[in-house]
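Heads up: the structure comes next, in structure tokens.
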Amino acid sequence: MARAIRAPAGLAGATDFIAIDVETANNDPGSICQVGFARFAGGALVDNWAWLIHPQTWFSSHNTAIHGIRAADVAGAPSWDDVYDEIAVLLAGRIVVSHTAFDVTATARACARYDRPLLGAQWLDSARVARRAFAQFARRGWGLASLSEYLAIEFDHHDAGEDARAAGLVVLAAVEASGRSVADWLTDAHRPLREFA
């Protein structure tokens, strides 16, 4: 169960964060085959990119049908172990947005697979934020596609870079709608929904 966390010192009013999304090769959350990032500063998107990752495991036809990534596409790509150090430095001590806890679980499983430490980030779930910032999403329909449609965010769903960008834009929209900062949402996203009715 998620627990409320206090915003780290020095982040009050912060607007800078990185959004992350992963796609997986199969039903194992640690089978990351693509990771995407979107960096936001001063309330705006400043960078957006994605890397293919060799999951060193099999691809299910179900997952490939969702994201279109095949084993052949990642044949020359680095493994999670190969890119871990770069990702760990990028995210260390930062507010990192993911849409639902899936990406947190996936990165944790990938780290465990290679005996690497968990990523040292302050995780913020954009779905939890949206459920509290936008009343119509409190009980249902808080998927990235439905939120993006409501907020007029155009994106190519199930591409990790695009999904990361969309998740970050959802958080920016919630900040604007609620008047709460990104750092405020680190705590407020864990408050009961009834407090936002």
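The values are calculated or read from the model by the stated rules, or taken from the named source; none is laboratory data. Worth saying up front: this structure is predicted, and the values here are computed from it rather than measured. Cβ: placed from backbone, ideal geometry, glycine included. Neighbour counts: every protein chain shown. To get the accessible areas, we keep the full protein, side chains included, count just its heavy atoms, and leave off ligands, DNA and RNA. Shrake-Rupley method; radii C 1.70, N 1.55, O 1.52, S 1.80 Å.
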Have a look at 83, 35, 182 and tell me which one the Gaussian network model of the chain (Cα, springs below 10 Å) gives the largest fluctuation.
83
Quick check: net charge around residue 106, other residues with Cβ under 12 Å of its Cβ, Lys/Arg +1 and Asp/Glu -1?
-2
Of all accessible surface on segment 56-97 at a 1.4 Å probe, what whole percent is carbon and sulfur?
53
How many nm separate the modelled label positions at residue 82 and residue 41, each set 7 Å beyond the Cα in the direction of the Cβ?
2.9
Return the FRET efficiency for the residue pair residue 108, residue 135: r is the Cβ-Cβ distance, R0 is 30 Å, and the value is rounded to the nearest 0.05.
0.40
Springs between alpha-carbon atoms under 10 Å, Gaussian network over the chain: tell me which of 92, 101, 160 tops the mean-square fluctuations.
92
With the other protein chains left in place, how much accessible area per residue, in square angstrom, belongs to the chain at a 1.4 angstrom probe?
48
For residue 89 and residue 193, what is the calculated FRET efficiency with R₀ set at 35 Å and r taken between the beta-carbons, to the nearest 0.05?
0.45
Spelling it out for residue 123: with amide H atoms placed in the peptide plane at 1.01 Å from N, the residues 5 or more places away or on another chain with amide H under 5 Å from its amide H are 96
With residue 179 itself left out, Lys, Arg at +1 and Asp, Glu at -1 over residues whose Cβ is under 14 Å from its Cβ give -1
Label model pair residue 145, residue 16: point-to-point distance (7 angstrom along the Cα→beta-carbon line) in nm is 3.6
Quick one: pull the percentage of alpha-carbon pairs in the chain with a separation above 22 Å.
45
